[in-house]
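The values are calculated or read from the model by the stated rules, or taken from the named source; none is laboratory data. These numbers come from a predicted model, not from an experiment. A quick note on method: Cβ atoms are made from the backbone with ideal geometry, for glycine too, and the neighbour counts reach across all protein chains shown.
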Amino acid sequence: MTPNQKSVGIQNRKSRRSSRKDLVPMQQQKRQPELVEGNLPVFVFPTELIFYADDQSTHKQVLTLYNPYEFALKFKVLCTTPNKYVVVDAAGAVKPQCCVDIVIRHRDVRACHYGVIDKFRLQVSEQSQRKALGRKEVIATLLPSAKEQQQKEEEEKRIKEHLAESVFFEQTLCQPENRSASSGPSLLTVFLGIVCIGALMLPTLGEVESLVPLYLHLSVNQKLVAAYVLGLITMVILRT
C-alpha cells in the first residue's frame, strides 16, 4: 500500500468518526425542544385546597401528582407563605405512569388568616436536568366554618334564583299587549260548548212523554260524553 493510499484511508476513518459524533447532538436537539421549554403539562388534583378552622380533619390535605409520561420526573413544592404550612415530602421523584401523594398541613389556624389566599407551586423536571419542565399552581384558603360557607352558598343560590325569577317576570310584562287582546276562546270552542249543552238538554232514551222526535233522544252514554267534552271546553275557556 502506497503512502497516498494510507493517508486517504486515515482521512476516511476520521470523517466517519466525525459524522458519528455529529449524530449525537442532532438527536439531543430533537429531544430538547419538547422538554426544556417549560410547557410540560403538570397533572395535580385537587387544584384548590380549603381549610376550615372549626374542622380539624380539614387541617391536613393531600395533593396527588400524576406522571402520565414515559420518563421519570422529579418534583419540588414551593409556597408563598411557608411558615403557615408543613409540607411532607416537599421534594421527590415520580416514576413513569405513576402518582405520588403530597401531604400538606395547616399549622397556623388563626382568625387573621381567614379568607387569605395562599399559593403552592409544583415544579417538575427531568431527573437528568435542573431546569423546570413544567409548573402548576394550587390555591389554598382558610375559612372559619364549613357551615357558614354552606349557608353563604345557599344564600347565593337563592339570590340567583330570585334574580332569574325577576328577569322572567320582567320579560313577560314587557311583551306586547296584542297577545292578551288576541287571547280568548275561539268560535269553534264556543260552538262545541253550545252543542254539548244542547245535547244535555235533549231527552234521554226511554222517555215517553216528550214532544221531541224519537231520533233526537240520546242515550245515557252519549250524554256522559257530552258532559265530559263540556267540562274540557269549560277548562279551556277559564284558562284563556
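Hey, Gln129 hits all of (1) touching a helix residue (DSSP H, G or I) at 6+ places or on another chain (Cβ under 8 Å); (2) farther than 30 Å from Glu48 by Cβ; (3) modelled with pLDDT of 75 or more; (4) not acidic (Asp, Glu) but one; which does it fall short on?
If we test Gln129 against (1) touching a helix residue (DSSP H, G or I) at 6+ places or on another chain (Cβ under 8 Å); (2) farther than 30 Å from Glu48 by Cβ; (3) modelled with pLDDT of 75 or more; (4) not acidic (Asp, Glu), just (2) comes out false.
Which of the residues spanning region 82-107 are within 16 Å of Ile50 (Cα to Cα) and surrounded by 12 or more Cβ atoms within 10 Å (Cβ to Cβ)?
Within region 82-107, Lys84, Tyr85, Val86, Val87, Ile102, Val103, Ile104, Arg105, His106 meet the criteria.
Give the residue that is farthest from the chain's Cα centre (by Cα), with candidates limited to residues of region 78-106 that are more than 13 Å from Ala140 (Cα to Cα) and not in a strand (DSSP E or B).
Taking the candidates together, the pick is Asn83.
Counting only residues that are in contact with a helix residue (DSSP H, G or I) (Cβ under 9 Å, 6 or more places away or on another chain) and surrounded by fewer than 16 Cβ atoms within 10 Å (Cβ to Cβ), which one in region 50-80 is farthest from Gln127 (Cα to Cα)?
Across region 50-80, the extreme among qualifying residues is Asp54.
Which ranges mark the helices (runs of 4 or more DSSP H) fully within region 142-224 that have 2 or more residues being at pLDDT below 70?
Where helices (runs of 4 or more DSSP H) fall fully within region 142-224 and carry at least 2 residues being at pLDDT below 70, they are 146-173, 178-182.
Any chance you could count how many residues in region 56-71 are of a type in the set (Ser, Thr, Tyr), closer than 20 Å to Val109 by Cα and touching a strand residue (DSSP E or B) at 6+ places or on another chain (Cβ under 7 Å)?
1
Within the set of pairs 6 or more residues apart or between chains, which connect a residue that is under 17 Å from Phe71 (Cα atoms) and in contact (Cβ under 8 Å) with a residue 40 or more places away in the chain inside region 125-139 to a residue that is small (Gly, Ala, Ser) and in a loop (DSSP other than H, G, I, E, B) with Cβ atoms less than 7 Å apart?
Correct list of pairs: Ser125/Ala132; Gln127/Ala72; Ala132/Gly38; Leu133/Gly38; Gly134/Gly38.
Answer yes or no as to whether Thr141 is of a type in the set (S, T, N, Q) and touching a Phe, Trp or Tyr at 6+ places or on another chain (Cβ under 8 Å).
In short, yes.
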